[in-house]
Amino acid sequence: MYESLIKHIRHLFNTPTEFIPLHEPRFIGNEKKYVMDAIDSTFVSSVGKYVDQFEEMMCEITGAKYAIAIVNGTNALHLSMVLAGVEPGDEVITQSLTFIATANAISYCQATSHFVDVDKETMGLSPTLLDAHLQEISEMRNGECFNKNTNKRIKACVPMHTFGLPLYIDGLVKVCDKYNITLIEDAAESLGSYYKGQHTGTFGKLGTFSFNGNKTVTSGGGGAIITDDEELAKRAKYLSTQAKIPHKWEYKHDAIGYNYRMPNLNAALACAQLEQLDFYIKNKRELNDNYAQFLVGNGDVKLVQEVKNAKSNYWLNAVILKDKSERDNFLEELNSKGVMTRPIWALMNHLEMFKDCPKSDLSNSEWLEDRVVNIPSSVRI
C-alpha cells in the first residue's frame, strides 16, 4: 500500500536496499579534532575550554544571556525545576503527549505531573485549553495558584516543542503570567527552532535542551539550561557541580548539589556539531519540503508542518494517518521493508506511574496518539 513512499524515501537517502534509521548523527566537521584536543589537554571531565566554548555558542545561537552545560536533557529539566522553586507536593503543568523525561523530571522533585491537552496543529501544550482548565480547577491564594481539587500548589508549567515544532509559546507566557506559574520550556528537540523570530527556550524563565545521540546536534550525552536571569544562571552552575563553594583546594559544600555538569569531552563534540547547525537545519528543512511535495494530495498520509510565525528545525518529520488501524499498518509495512518508523509516545497518563495524576480533557492528545508516526529524518549527505 505504501510502496511508492518507501521507494521515495530510499531515493531521498540514496539507500536502495539497506536499513534506513529514523535519525542518525552526522560527524562531518571538527568532531575528531576537538575531541582529541580535549584528550591531549587531559581536561576530560567537567572542567575545560570546550565547556566554556559550548556555553558561549549556545548563547550566540539562542540569544539567551546565560547558558549552563549539563550532562543530559533530563537533568537539565530537573535542575530547572529545582531553580524555579518546585517543591515536594507541588503540581507541575505539562503535556501528556511528551517523552517520559519531562514527567520523570517532575517526579524527581517529588512533585506531581498535571496533564493538560495540546493543540493538534503544534502537538504542544495549548494556551487556550490551559487557560480554560485553570479557570475551572484553580484559585489564587496569596498570589499563588492552587488546584482546588487537590489543594496543591501549581508552581510551574513545562511545555515541550514536539519534534522541533514551536508551539504557541507567546500565548502560554500570558497564561502563566496570569496565574503566576513559572514557565520552563522543554526545548530538548527544538535547537534552531523559532517562534515569531525568537528562539525556543527563551520565552520562559528557563529553557532546556538535549544533545542525545539522536538529536539534530549531539554530544553523545549532553544538555543545557538557558536563562536571562543572572542569579539563576550562577545557582545552576553551582548546584550542577555538587554545590561546591569555589576554592583552590578546599572541599566545602553548603547545599544539596548534583553531579550534572557536562564533561569537556562531550562539550568538545558538541562544539564541533554546533558549527554545523545551520547546514543541518537547512538540510532538514529541504527534506521536509521534499516530503511535503511528494505527499500533496495524499489524504491518507498527512505531513505535519510548522504553523504560522514558526520556523521549525524539523528534527523528526511526522505524518498523521487516518486512524489507529492505518497507523499500525503503516508501521508494520515500512519497518518490515527496512525503513524505520515509530509511533508517537504513549500518553503519560496511560503509564502506570502517572495514571492517577490530575489532568484536563485530553481529546487532542488521544487523537494524535492513535495517528502520529515519525519517518526518517536524518541529515542527508
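The values are calculated or read from the model by the stated rules, or taken from the named source; none is laboratory data. All of these numbers come straight from a predicted model, not from anything done at the bench. Positions of Cβ are backbone-derived with ideal geometry, glycine not excepted, and every protein chain shown enters the neighbour counts.
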task = Pull up segment 342-374, narrow it to residues that are of a type outside the set (A, V, I, L, M, F, W, C) and part of a loop (DSSP other than H, G, I, E, B), then point me to the one that is nearest to Phe330 (Cα to Cα).
result = Arg371
request  = Starting from residues that are in contact with a Ser or Thr (Cβ under 8 Å, 6 or more places away or on another chain) and closer than 13 Å to Leu97 by Cα, keep the ones in segment 351-372 and report whichever is surrounded by the most Cβ atoms within 10 Å (Cβ to Cβ).
outcome  = Ser365
ask   = What do you reckon, is Ile154 assigned by TED's automatic domain parsing to the domain that holds Met57, more than 15 Å from the chain's Cα centre (by Cα), in contact (Cβ under 8 Å) with a residue 24 or more places away in the chain and assigned to a strand (DSSP E or B)?
value = yes
request  = Find all pairs meeting these conditions: Cβ atoms under 9 angstrom apart; at least six residues apart or on different chains; first residue within segment 273-298 and of a type in the set (Asp, Glu); second residue part of a helix (DSSP H, G or I).
outcome  = Glu275/Met57
query = over 15 Å from Ile6 (Cα atoms) and of a type outside the set (A, V, I, L, M, F, W, C), is that true of Lys337?
reply = no
Of all residues in segment 296-341 being in a loop (DSSP other than H, G, I, E, B) and small (Gly, Ala, Ser), the one that is surrounded by the most Cβ atoms within 10 Å (Cβ to Cβ) = Ser312
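Going by the conditions given, is Gly171 in contact (Cβ under 8 Å) with a residue 24 or more places away in the chain and either touching a strand residue (DSSP E or B) at 6+ places or on another chain (Cβ under 9 Å) or under 23 Å from Lys282 (Cα atoms) (or both)?
Working: in contact (Cβ under 8 Å) with a residue 24 or more places away in the chain: yes; either touching a strand residue (DSSP E or B) at 6+ places or on another chain (Cβ under 9 Å) or under 23 Å from Lys282 (Cα atoms) (or both): no.
No: the conditions fail for Gly171.
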inquiry  = On the basis of being acidic (Asp, Glu), in contact with a Leu (Cβ under 6 Å, 6 or more places away or on another chain) and modelled with pLDDT of 95 or more, does Asp117 make the cut?
reply    = yes
Output for segment 299-343, where each listed residue is of a type in the set (Lys, Arg), touching a residue at least 40 places away in the same chain (Cβ under 8 Å) and out of contact with any helix residue (DSSP H, G or I) (no Cβ under 9 Å at 6 or more places or on another chain) = Lys322, Arg327
message = Within segment 168-287, considering only helices (runs of 4 or more DSSP H) that don't extend past its boundaries, which have at least 3 residues that are in the same structural domain as Glu91 (by TED's automatic domain parsing) and more than 25 Å from Thr42 (Cβ to Cβ)?
response = 169-178, 230-239
